[in-house]
Amino acid sequence: MKISKHSPLLWYLCIVAVVVLALILTGIAFTIPFSVPAVIGIAGAILGYYLYTKKPKEKEEKKEEKEIAVPKPPTPYFAHPYPMQKNFTGREKERAELTEWLENDSNSMFVHVAIGGMGKSALAWYWLTEDVIKLKRENPLKGIIWWSFYDKEASFESFLNHSIEYASEGKVDAEKIESRRDKMDELYSLLSGNQFILVLDGVERLLRAYAGMGSPYQGDEVKEDEKKDYNACVEPNCGTFLQMLANVPKTKTLITTRISPKELDDLDGVVRRELKEMDKEDAVEFFERQGVKGTRAEIEEVCRVYGFHPLSLRLLSGMIVHSMKFGGDIKAWTKYNPLPKLVPKEHHILELAYNSLDKKKQNFISRLSAFRNPMDYDAISIFNDFGSEEELNGVLLELVERGMLFRDEKSNKFDLHPIVRKYCYDRLRDKEGVHSKLSGYFAEFHVPKKIESVDDLAPVIELYHHTVRAGRYDEARRLYYNRLATPLFYKFGAYQTTIELLRALFPDGEDKLPRLKNESDQAWTLGALANSYSLSGWSRGAFSLFEMDIEVSKKQDDKTNLAIGLGNLADGQMKIGELNAAEANLRRRIEICREIKDEFNESIGHQELGRLHTYFGEFEEAEKELSKALTLFTKSNAAQSQGIGFAYRSLRSFIMSNAEDTLKYAEESRELADVEKVERDIIRAEWLLGAAYILKGNLVEAEKHLTEALTRDRKINLVELEPDILLEFAKLMFKRNHKEEALKFADEALQIADRCEYRLKQADIHNFLAEFYMGAGDLEKVREHGEIAKERAECGYKPALEKAKKILNEIEQM
């Protein structure tokens, strides 16, 4: 007999009930009236103590499990073991090439690219566990890391944390490293000093084409509106780290992906191969191992029709072997199942495999496809319509044998191949009902009271996903607003996660309104998503959302929010150099605020217009606008707005090369930033303080403030200010005559500015690079960067334009 984990508590309550009943039956309860309440009170106290002490114990057990999860080298760290199906066959040529790359090739990275179902993950896993581990090396490997981005908790941040723990043998606590970039540098250092093999499986999940919450249900197709940057990493830091891995000295990195990351295009240190179909001899051997009966020619003919596509062949062999009518005979089976001629081969075999199941099993596997991630037995059991556990077990084993379901025997978790999941999910009836059931299932999961990382929010995120998929969009938005918005946006700066979650509220596309009933909720969602795009460097992605936000405000005749929306749009336009459009929107904002007598928001408009005049090089006009705003903010004691105003005055002085005023206003801005402790304001002030001290020649103080700015910036992933801080670091290193480091900082700043289309920052960085190469005497490079700076500044950024022209004139006179 099985004893439930709840049995001790049930036995305890039963004993208390028996004692109370005995007191009543013996008459003691009537003789001593307080006896029953006393027994119940004592029992309650004991129960309360039990429950109180049980929670820390559970936490301690979870902590212990976490500690055990990451082994120490040289024991391989298989973070998400691949559920290898039986009878893996062949791929000897590909395995030999991988081994040759590992042993003798100087290139640090190998990228296997292929469509879904071609066997990328299976090949990598088999090579790693059968070939590499058994390989007798002259210099033994320090360790092996297998990380699959198909797993729901396998985020880039989680990868960094766990890999640092493993590679450092537990000596470095990654959780205490605040900056993600510092974590990247720490892991790079660990991997550079020792020989590791790093396998990153399913890297397409890091790319824009596959980054949404619906990626588990997605096939190989790429949406038309995503084709421009479909293969770019969603998170800039992730793309940077892939580039770092391509140049790591000792460690080798194998990547499997449906799409090669854009960041690796034309990069030295990278070997790229497209994984093709199975060898025909291997295909025949595989069918024979599977138990298919037939001649070599008969098997080869069928396999050729299906393009020797590994997943198709596994599903096909599974059908033939499980066909009671034909007894595994391929000739008899094909006689009654004509081979396809005009339909896509993979689609045809999936259709055959799905239709070979009875209706009950079809419904069952379609319901399982609604899970985004591997399922344990308890999760699967909520869809058990087969009666007993024995019958369910039989169905699961059959689906595994047919190749339609994976099973990891060690963890006893089940999963579907992405291609199979998509096909089955497309045929799921009552999607909303199934996701409603799953949202109820995940609603029961425990969430820690103290949220210490994004991983702690995983149950809430999963609940949110199924609530959205159930079509309950308004409920999902409330869930996001109440439980996810603050920790994700403000505490962790998890802008990519907020984008992924909020995009799910736009099932009709982001060119349409979110599917919410209340217009105020629509406006809030548009603004929240747009701000996340803007802060993470996707300025253009934010534009259409800000514009829709403006239209909703117009429809509601909400002039206050209309003015705010125009200001937000203008801010984004300034970032990408659309300065004239930004000016028009700011003047319209001021006009609306005057009309409704909203002095505060009018003053914000004047303040932003002052910043814009600074970019135009109209410094007197800038001072007038900033003074107008500061007068009201001082009168209304709006400390944060005053601080931003002083920051803009500092920026004006900085662009004018006025060191004293740059420092004076930056100090006032920093002091006011501490009143409300808005992190973005603190970072801006620290950057300006660093810039001021460089102008004054105090490099020690400059480094102190720039380090503070960069550390804080990267802690919350604030992309918009990172290039500015890095550029000042480049100037600092240049003044110290550390030329190589200066160039490194400038290149890093330019990478971000280029990726995010920050036109004004591009002009500033290219001007610096032109001056850098002027000092090195490389006139060709001076001209190259000077011309780019000039072109970038021709959007109206007059100070940068004048500097670029001056540099170009200087080299013409040489």
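The values are calculated or read from the model by the stated rules, or taken from the named source; none is laboratory data. Computed from a prediction, not measured in an experiment: that's the story for all the values here. Glycine also receives a Cβ, built like all others from the backbone with ideal geometry; neighbour counts cover every protein chain displayed.
Things to note:
- Qualifying residue in segment 578-587 (condition: within 23 Å of Ser627 (Cα to Cα), in a loop (DSSP other than H, G, I, E, B) and basic (Lys, Arg)): no
To keep it simple, each residue is scored yes or no on (1) farther than 22 Å from His309 by Cβ; (2) assigned by TED's automatic domain parsing to the domain that holds Glu263; (3) at pLDDT 90 or above.
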residue: Asp105; (1), (2), (3): yes, yes, no
residue: Ser108; (1), (2), (3): yes, yes, yes
residue: Val111; (1), (2), (3): no, yes, yes
residue: Trp127; (1), (2), (3): no, yes, yes
residue: Glu130; (1), (2), (3): yes, yes, yes
residue: Glu153; (1), (2), (3): yes, yes, no
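- Test: residue in segment 568-576 that is under 24 Å from Arg477 (Cα atoms), touching a helix residue (DSSP H, G or I) at 6+ places or on another chain (Cβ under 7 Å) and part of a helix (DSSP H, G or I): yes
- Options Phe383, Phe371, Phe364: the member that is crowded, with 17+ Cβ neighbours inside 10 Å, touching a helix residue (DSSP H, G or I) at 6+ places or on another chain (Cβ under 6 Å), more than 30 Å from Lys276 (Cβ to Cβ) and hydrophobic (A, V, I, L, M, F, W, C): Phe383
- Residue within segment 445-468 that is out of contact with any Phe, Trp or Tyr (no Cβ under 8 Å at 6 or more places or on another chain), under 25 Å from Asp426 (Cβ atoms) and in a loop (DSSP other than H, G, I, E, B) present: no
- Listing of helices (runs of 4 or more DSSP H) fully contained in segment 265-321 that carry 3 or more residues being farther than 23 Å from Pro418 by Cβ: 280-290, 296-305
Residues checked against (1) more than 26 Å from Leu242 (Cβ to Cβ); (2) modelled with pLDDT of 95 or more; (3) touching a helix residue (DSSP H, G or I) at 6+ places or on another chain (Cβ under 7 Å); (4) β-branched (Val, Ile, Thr):
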| site | (1), (2), (3), (4) |
| --- | --- |
| Leu689 | yes, yes, yes, no |
| Arg714 | no, no, yes, no |
| Glu722 | no, no, yes, no |
| Leu727 | no, yes, yes, no |
| Lys739 | yes, no, no, no |
| Ile752 | no, no, yes, yes |
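Rundown of residues vs (1) among the hydrophobic types (A, V, I, L, M, F, W, C); (2) within 18 Å of Ala709 (Cβ to Cβ); (3) touching a Leu at 6+ places or on another chain (Cβ under 8 Å), yes/no style:
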| site | (1), (2), (3) |
| --- | --- |
| Phe729 | yes, yes, yes |
| Phe772 | yes, no, yes |
| Lys790 | no, no, yes |
| Gly796 | no, no, yes |
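- Flag for Thr251 being in contact with a helix residue (DSSP H, G or I) (Cβ under 8 Å, 6 or more places away or on another chain), modelled with pLDDT of 85 or more, within 30 Å of Arg427 (Cβ to Cβ) and crowded, with 22+ Cβ neighbours inside 10 Å: no
- Single residue of Leu516, Leu488, Leu529, Leu535 found to be under 25 Å from Lys449 (Cβ atoms), touching a helix residue (DSSP H, G or I) at 6+ places or on another chain (Cβ under 6 Å) and not assigned by TED's automatic domain parsing to the domain that holds Arg208: Leu488
- Among residues of segment 443-455 that are farther than 19 Å from Ala494 by Cβ, those with a beta-carbon under 7 Å from a residue that is surrounded by 13 or more Cβ atoms within 10 Å (Cβ to Cβ) at least six positions away or on a different chain give the pairs Ala443/Leu463; Phe445/Pro459.
- Residue, surrounded by the fewest Cβ atoms within 10 Å (Cβ to Cβ), within segment 500-541, restricted to residues that are in a helix (DSSP H, G or I) and of a type in the set (Lys, Arg): Arg540
- Residue match in segment 640-655 (condition: surrounded by fewer than 18 Cβ atoms within 10 Å (Cβ to Cβ) and either assigned to a helix (DSSP H, G or I) or β-branched (Val, Ile, Thr) (or both)): yes
- Out of Val420, Val395, sole residue that is within 25 Å of the chain's Cα centre (by Cα) and buried (at least 18 other Cβ atoms within 10 Å of the Cβ): Val420
- Selected residue (criterion: farthest from Lys120 (Cα to Cα)) from residues of segment 244-264 that are basic (Lys, Arg) and not in a loop (DSSP other than H, G, I, E, B): Lys262
- Residues of segment 430-482 satisfying the condition of being within 17 Å of Thr498 (Cβ to Cβ) and hydroxyl-bearing (Ser, Thr, Tyr): Ser453, Tyr464, Thr467, Tyr473, Tyr480, Tyr481
- Pairs, first assigned to a helix (DSSP H, G or I) in segment 478-499, second among the charged types (D, E, K, R), C-beta under 6 Å, six or more apart: Gln496/Glu235
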